[in-house]
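Please find one structure pasted underneath; my questions will follow.
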Amino acid sequence: MPVSRPTRRTVLRAAMASTTALAATAVGVTQAVGDSARITAENWLDSRTVDLTVASPAVGASLPVRVVLPTGYAAQPDRTWPVLHLLQGAHDDYTSWTRETDVSDFLAGQDVIIAMPASGPTGIPTAWWNYGLSGAPDYEKFQVDEVMELLRQRFRAGGRRAVAGVSTGGYGALAFAARRPGVFGAAASYSGILDTTAPGMPIVVGAIVARESLLPLTLWGSVLLNRGNWDRRNPYAQMSSLAGTGLYLSQGSGLPGGAPGDLQIDFFEGSLWSQAHRFTEQLEVLGIPAQVHFYSGGSHAWPYWQQEFKSSWPTLAAGLGLG
């Protein structure tokens, strides 16, 4: 049934709000950023891990954020800590990094706060266009501005930051770093969408949005009629702004043989192969250094991404001032 644009906007906002669910009882708090974002609940899972509920004016909904503190946090109450933002992939949630990897244990002895904010139902951390209507959800502002300010107030976060993500989160990591030069000391993408307007990529992005029963045009509009909007949020189009940021980029071919018993073709991983090569080739043209790992085989899956994260840690640590 055809849906009018105002009604579709309501559906979009409702879908964004659906990401607010937390699995356990939370303790109410009132930490706020002026009259804007505020922490409305905390649910401590263990001595280092807490799930926050954040009321976000940028998104117009309450959203979860998982925070993992360093082991030395409680014993050093007078110091500040750098922050590593870890971004989820498409059709997943803010728990994915701790659910699928050993990142909490791997970084336990490192002097860094880990922040894992929700990216909405599609996992694309961006400002939605929504036909140009006011009040469209802005996940970039939520993750980069609102969450960080709350971490400064509540958990003594310092000014050093790095960002990494898988799949659509890899897109977000490079998009954030390119759109906000100097904010992140390092950025890492694992099987990310690095050029949203490369051949076939608008179809891929549209399919991600449509899978959540949302209209693809609500994201950035038409890739033809609203090309400027796409380019402003495309890491490839904003690549020159990545100069000075530590970069780590990895991508598998999607062909069989990447690991013992890996006999299947991963068409989605393979669809990102050529645009990742084009991205890194253009980095070389611009003289922007990056650590790059293209590997034969490999699927669009966490076992590969966990290993790539560990390989990227020296780059991220240097960007955080820990290297």
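Values in this text are rule-based calculations from the coordinates and carry no lab data. If you're wondering where the values come from, they're calculated on a predicted model, not measured in any experiment. Quick reminder, even Gly has a Cβ in these numbers, built from the backbone with ideal geometry, and neighbours come from all protein chains shown.
Suppose we filter Gly270, Gly319 for residues that are closer than 21 Å to Ala175 by Cβ and crowded, with 17+ Cβ neighbours inside 10 Å; which single one remains? Even if it seems obvious, please write down each step before you answer.
Numbers: Gly270 fails: closer than 21 Å to Ala175 by Cβ.
Going through Gly270, Gly319 in turn, just one is closer than 21 Å to Ala175 by Cβ and crowded, with 17+ Cβ neighbours inside 10 Å: Gly319.
Within the range 169-177, is there a residue that is buried (at least 18 other Cβ atoms within 10 Å of the Cβ), touching a Phe, Trp or Tyr at 6+ places or on another chain (Cβ under 7 Å), hydroxyl-bearing (Ser, Thr, Tyr) and farther than 15 Å from Gly298 by Cα? Explain how you work it out, then say what you get.
From the range 169-177, those buried (at least 18 other Cβ atoms within 10 Å of the Cβ) are 169-177; that's our starting set.
Of the ones still in play, those that are also touching a Phe, Trp or Tyr at 6+ places or on another chain (Cβ under 7 Å) are 170, 176-177.
Within this subset, residues satisfying the condition of being hydroxyl-bearing (Ser, Thr, Tyr) are none.
No, the range 169-177 contains no residue that is buried (at least 18 other Cβ atoms within 10 Å of the Cβ), touching a Phe, Trp or Tyr at 6+ places or on another chain (Cβ under 7 Å), hydroxyl-bearing (Ser, Thr, Tyr) and farther than 15 Å from Gly298 by Cα.
Name the residues in the range 78-93 that are farther than 18 Å from Ala173 by Cβ and part of a strand (DSSP E or B), would you?
Trp81
Ok, one more. Check off (1) hydroxyl-bearing (Ser, Thr, Tyr); (2) surrounded by fewer than 20 Cβ atoms within 10 Å (Cβ to Cβ); (3) over 28 Å from Ser191 (Cα atoms) for Thr98 and give me the number that stays unchecked.
(3)
Does the range 162-181 contain any residue that is within 10 Å of the chain's Cα centre (by Cα), within 14 Å of Ala58 (Cα to Cα) and of a type in the set (A, V, I, L, M, F, W, C)?
First, the residues of the range 162-181 that are within 10 Å of the chain's Cα centre (by Cα): 163-176.
Checking the rest, the ones that are also within 14 Å of Ala58 (Cα to Cα) come to none.
Scanning the range 162-181, I find no residue that is within 10 Å of the chain's Cα centre (by Cα), within 14 Å of Ala58 (Cα to Cα) and of a type in the set (A, V, I, L, M, F, W, C), so the answer is no.
Give the residues of the range 147-175 that are over 18 Å from Phe309 (Cα atoms) and either β-branched (Val, Ile, Thr) or out of contact with any Lys or Arg (no Cβ under 9 Å at 6 or more places or on another chain) (or both), sorted by residue number.
Listed by number, the residues that qualify are Val147, Glu149, Leu151, Arg152, Gln153, Arg154, Phe155, Ala157, Arg160.
Sticking with this one: As an exercise: evaluate Ile193 against (1) touching a strand residue (DSSP E or B) at 6+ places or on another chain (Cβ under 7 Å); (2) closer than 13 Å to Gly172 by Cα and give the number of the one condition it does not meet.
Failed condition: (1).
Keeping to the range 220-257, report how many residues are touching a residue at least 60 places away in the same chain (Cβ under 8 Å), farther than 22 Å from Ala318 by Cβ and not in a loop (DSSP other than H, G, I, E, B).
3
Could you tell me whether Gln88 is in contact (Cβ under 8 Å) with a residue 40 or more places away in the chain and in contact with a strand residue (DSSP E or B) (Cβ under 8 Å, 6 or more places away or on another chain)?
On the way: in contact (Cβ under 8 Å) with a residue 40 or more places away in the chain: yes; in contact with a strand residue (DSSP E or B) (Cβ under 8 Å, 6 or more places away or on another chain): yes.
So Gln88 fits the description; yes.
While we're here: Return a yes/no flag: does the range 142-151 have any residue that is closer than 14 Å to Ser119 by Cα, part of a helix (DSSP H, G or I), among the polar types (S, T, N, Q) and touching a strand residue (DSSP E or B) at 6+ places or on another chain (Cβ under 7 Å).
yes
Being touching a residue at least 24 places away in the same chain (Cβ under 8 Å), surrounded by fewer than 23 Cβ atoms within 10 Å (Cβ to Cβ) and in contact with a Leu (Cβ under 8 Å, 6 or more places away or on another chain) is the requirement here; does Pro82 meet it? Show your work before the answer.
Working: touching a residue at least 24 places away in the same chain (Cβ under 8 Å): yes; surrounded by fewer than 23 Cβ atoms within 10 Å (Cβ to Cβ): yes; in contact with a Leu (Cβ under 8 Å, 6 or more places away or on another chain): yes.
Here the answer is yes, as Pro82 does meet what is asked.
Okay, residues lined up against (1) farther than 25 Å from Ser312 by Cβ; (2) surrounded by 19 or more Cβ atoms within 10 Å (Cβ to Cβ); (3) acidic (Asp, Glu); (4) in contact with a helix residue (DSSP H, G or I) (Cβ under 7 Å, 6 or more places away or on another chain):
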residue: Asp145; (1), (2), (3), (4): no, no, yes, no
residue: Ala164; (1), (2), (3), (4): no, yes, no, yes
residue: Ala187; (1), (2), (3), (4): no, yes, no, yes
residue: Asp195; (1), (2), (3), (4): no, yes, yes, yes
residue: Gly200; (1), (2), (3), (4): yes, no, no, yes
residue: Ile203; (1), (2), (3), (4): yes, no, no, no
residue: Glu212; (1), (2), (3), (4): yes, no, yes, yes
residue: Leu217; (1), (2), (3), (4): yes, no, no, no
